[in-house]
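The values are calculated or read from the model by the stated rules, or taken from the named source; none is laboratory data. The structure displayed is predicted, hence computed values, not measured ones. Cβ placement follows ideal geometry from the backbone for every residue including glycine, while neighbour counts extend to all protein chains displayed. Only protein heavy atoms, including side chains, enter the accessible area calculation; ligands, DNA and RNA are left aside. Shrake-Rupley method; radii C 1.70, N 1.55, O 1.52, S 1.80 Å.
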Amino acid sequence: MRNSPSVDSLQTSNVIYEFKCKERECELLAQAKYIEMTTTTLSRRLSMHLQSGAIKKHLSAVHKRKLTRQDLVENVTITKHITDFNHLKVLEALRIAKLQPTLNQQ
């Protein structure tokens, strides 16, 4: 996809990223998203999502299918790259509060 992270950006750390579910009815819902920050590389964090977490649970429970690496790479966009950890945490919290993504609510 056009907005998907490039191979180089998958190696970026200290980012806020957004996963948007583009399955059936979720594509119509603006809040069918997951927003998170990571201080590790985005690639490593996406690999962690394959093991557990809200995105995996969502695809399994709502869409009755397994999460793949391709799902993550195609549906994730980096929204901010900030090296200051405290600033990164604040911006993540503000973005979640503003957009109220449903996948962040567990």
### Summary
Of the residues 15, 31, 58, the Cα lying farthest along the dipole of the chain towards its positive end, which is defined by charges on the beta carbon of Lys, Arg, Asp and Glu, belongs to 58
### Task
With no solvent and one equal point scatterer placed on each C-alpha of the chain, evaluate the Debye formula and give log10 I(q)/I(0) for q = 0.13, 0.14, 0.22, 0.24 Å⁻¹, two decimals.
-0.43, -0.50, -1.28, -1.47
### Summary
Summed over the other residues with a beta carbon less than 14 angstrom from that of residue 55, with K and R at +1 and D and E at -1, the charge totals +4
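Where does the charge balance sit around residue 99 when Lys and Arg score +1, Asp and Glu -1, over other residues with C-beta under 15 Å from its C-beta? All intermediate terms of the calculation are to be shown ahead of the outcome.
Details: positive: 20, 33, 80, 95, 98; negative: 18, 36, 92.
So the environment of residue 99 carries a net charge of +2.
Is there a quick way to get the dipole size of the chain? I mean about its Cα centre, with the Cβ of Lys and Arg at +1 and of Asp and Glu at -1; what is the value in debye to the nearest 20? Working shown, then result.
Numbers: 17 positive and 10 negative charges, 57 e Å.
Computed charge dipole of the chain: roughly 280 debye.
For the chain, what does the accessible surface come to per residue with a 1.4 Å probe? Please give it in Å².
For the chain, the per-residue accessible area is 60 Å².
Are there trypsin sites (Lys or Arg not before Pro) in region 59-106 that DSSP puts in a loop and that have at most 13 other Cβ atoms within 10 Å, and which ones?
Those that pass, being in a loop and sparsely packed, are 64, 65, 66.
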### Query
Roughly what angle does helix 42-51 make with the longest principal axis of the chain, taking Cα atoms, 0 to 90 degrees, to the nearest 10?
40 degrees
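Report, in deg cm²/dmol and to the nearest 500, the calculated mean residue ellipticity at 222 nm for the chain, where each DSSP H run with n ≥ 4 adds -39500 (n - 2.57) and the sum is divided by the residue count. Spell out each step's value before the answer.
Working: 5 runs with 46 residues, N = 106.
Mean residue ellipticity, 222 nm, calculated: -12500 deg cm²/dmol.
Express the carbon and sulfur contribution to the solvent-accessible surface of the chain as a percent, rounded to the nearest whole number, probe 1.4 angstrom. Don't jump to the answer; show the numbers that get you there.
Details: 3260 of 6410 Å².
Roughly 51 percent, rounded to a whole number.
In nm, what is the difference between 0.36 nm times the number of residues separating residue 87 and residue 100 and their Cα-Cα distance? Please report the intermediate quantities before stating the final value.
Numbers: separation 13, 0.36 × 13 = 4.68 nm, distance 1.94 nm.
Contour length minus Cα-Cα distance gives 2.7 nm.
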